[in-house]
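Visitor: I have a structure I would like to understand better, so I am pasting it below and will then ask my questions one at a time.
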Amino acid sequence: LPAGWPRLAAAALAIVAPLRALGGTLARGTAADESAIERYALDLLHSPEPDTPAIVLGTDDHRSFGVLWAQQVLGAAPHVIYIDASLLQQRWYRVRLQRLLPPGLADLAEIDKPVAWLGALWQHEQGRALPVYLANDFSVPSTTLPRVPQGVAWRVLAPWEQGLGPEQVLARHLAARARLLGPPAQLHSPFASDLAASYAEIEGKLARALAAAGRRDLLAQLQAADAAAP
């Protein structure tokens, strides 16, 4: 930089930027202090029924890497197959999935669109036996999938499940909630805040749906469970 104010400004920036970063670290904590992402990952994996093989589809690094950590390092929910929907575009990833899925589903390795992949999964008897959940919406087509809340995930209703009644939906959701750690009390990053918002979003949509359906009895059950939550 030329001598004069440009060089002085650069020197000031070199001093101020690290100090500002250090101040933010002291205020928010380091990455090692961030337990919210791990907490969400464990709750996502425990939202499906325990010990029942299931598929969970989701996206975003702060979600997918948290799940990888929870499964590969902590050994959580080995019966759940987590699929990063954006990585389905990569053939190596689809081939890797074949080792996790039941045999006889080799044709799925050729499908790179998540919703189309689900449709093909349901064409197989082995695939029909796998309940499917969404961690988040990852495309416009994914928003059209019929779903009901279960824990901190959305259970996708396959064509043969769409007669599910509100009593069963609420019972499954409350049973799943009892398995969860629940939303984190402290958040240190916008990534953790994004995941923590999933808890309130699911609860809010379920409450509004029950109210709109006139099921005040079921809404009271949900509110009682909320009041009893730690």
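Visitor: With a length cut of 27 Å (Cα positions projected on each helix's long axis) and a Kyte-Doolittle mean of at least -0.5, go through the chain and give me the DSSP H helices that pass.
Guide: Going by DSSP H runs, the hits are 5-28, 190-212.
Visitor: Return the percentage of antiparallel bridges among DSSP beta bridges fully within the range 34-192, rounded to the nearest 5 %.
Guide: So the antiparallel bridges amount to about 45 percent of the total.
Visitor: Long-range amide H contacts for Arg147: which residues qualify at under 5 Å (H placed 1.01 Å from N, peptide plane, sequence gap of 5 or more or a different chain)?
Guide: For Arg147, whose amide H was placed from the backbone, the distant partners under 5 Å are Leu157.
Visitor: Between the range 162-197 and the range 72-147, what is the separation of their alpha carbon centroids in Å?
Guide: 21
Visitor: Please state the charge dipole magnitude for the chain, taken about the Cα centre, from unit charges on C-beta atoms (+1 on K and R, -1 on D and E), reported in debye and rounded to the nearest 20.
Guide: 300
Visitor: Let a ≥ b ≥ c be the square roots of the eigenvalues of the Cα gyration tensor of the range 76-133; is it rounded (a/c under 1.5), or, if not, prolate (a/b larger than b/c) or oblate?
Guide: rounded
Visitor: If you don't mind, there's one more thing I want to ask. Of Gly204, Leu164, Gln98, which is farthest towards the positive pole of the chain's charge dipole, taken about the Cα centre with +1 and -1 on the beta-carbons of Lys, Arg and Asp, Glu respectively?
Guide: Gly204
Visitor: Here's a follow-up. What list of ³J(HN,Hα) values in whole Hz, one per residue of the range 143-151 in order, does the Karplus curve 6.51 cos²θ - 1.76 cosθ + 1.60 (θ = phi - 60°) give from phi, with Gly and Pro shown as x?
Guide: Karplus-based 3J(HN,Hα) across the range 143-151 equals 6, 8, 6, x, 8, 10, x, 8, x Hz.
Visitor: Here are several values of P(r) over Cα pairs in 5 Å bins from 0, in percent: (1) 1, 7, 16, 21, 21, 17, 11, 4, 1, 0; (2) 1, 6, 12, 16, 16, 14, 10, 7, 5, 4, 3, 2, 2, 1, 0; (3) 1, 6, 13, 17, 20, 18, 12, 7, 4, 2, 0, 0. Which one was derived from the coordinates shown?
Guide: Given (1) 1, 7, 16, 21, 21, 17, 11, 4, 1, 0; (2) 1, 6, 12, 16, 16, 14, 10, 7, 5, 4, 3, 2, 2, 1, 0; (3) 1, 6, 13, 17, 20, 18, 12, 7, 4, 2, 0, 0, the structure-derived one carries the label (2).
Visitor: How large is the dipole of the range 135-230 about the Cα centre if only Lys and Arg carry +1 and Asp and Glu carry -1, each at its Cβ, rounded to the nearest 20 debye? Working shown, then result.
Guide: Details: 9 positive and 8 negative charges, 32 e Å.
Here the range 135-230 has a charge dipole of around 160 debye.
Visitor: What is the range 121-230 by shape, rounded, prolate or oblate, if you read a ≥ b ≥ c off the alpha carbon gyration tensor as root eigenvalues and call it rounded for a/c under 1.5, prolate for a/b larger than b/c, and oblate otherwise? Provide the component values of the computation, followed by the final result.
Guide: Working: a/c = 1.85, a/b = 1.21, b/c = 1.52.
It comes out oblate by the Cα gyration axes.
Visitor: Would you please give the residues with an amide H less than 5 Å from that of Leu57, counting only those at least 5 places away or on a separate chain, with H modeled from the backbone geometry?
Guide: Ile83, Tyr133, Leu134, Ala135
Visitor: Then there is this: Rank Val148, Pro131, Leu174 by how far each Cα sits towards the positive end of the charge dipole of the range 124-214 (+1 on Lys, Arg Cβ; -1 on Asp, Glu Cβ) and give me just the farthest.
Guide: Leu174
Visitor: Can you tell me the accessible area per residue over the range 49-149, all protein chains present, probe 1.4 angstrom, in square angstrom? Before the final figure, lay out the partial values.
Guide: Details: 4970 Å² over 101 residues.
Averaged over the residues of the range 49-149, the accessible area is 49 Å².
Visitor: Of the heavy-atom accessible surface of the range 73-114 (probe 1.4 angstrom), what whole percent is carbon and sulfur?
Guide: Answer for the range 73-114: carbon and sulfur cover 58 percent of the accessible area.
The values are calculated or read from the model by the stated rules, or taken from the named source; none is laboratory data. Since the structure is predicted, the reported quantities are computational estimates derived from the model, not experimental observations. As a convention, Cβ positions derive from the backbone with ideal geometry for all residues, glycine included, and neighbour counts pool all protein chains shown. These area figures cover heavy atoms from the full protein model, side chains too; ligands, DNA and RNA do not enter into them. Shrake-Rupley method; radii C 1.70, N 1.55, O 1.52, S 1.80 Å.
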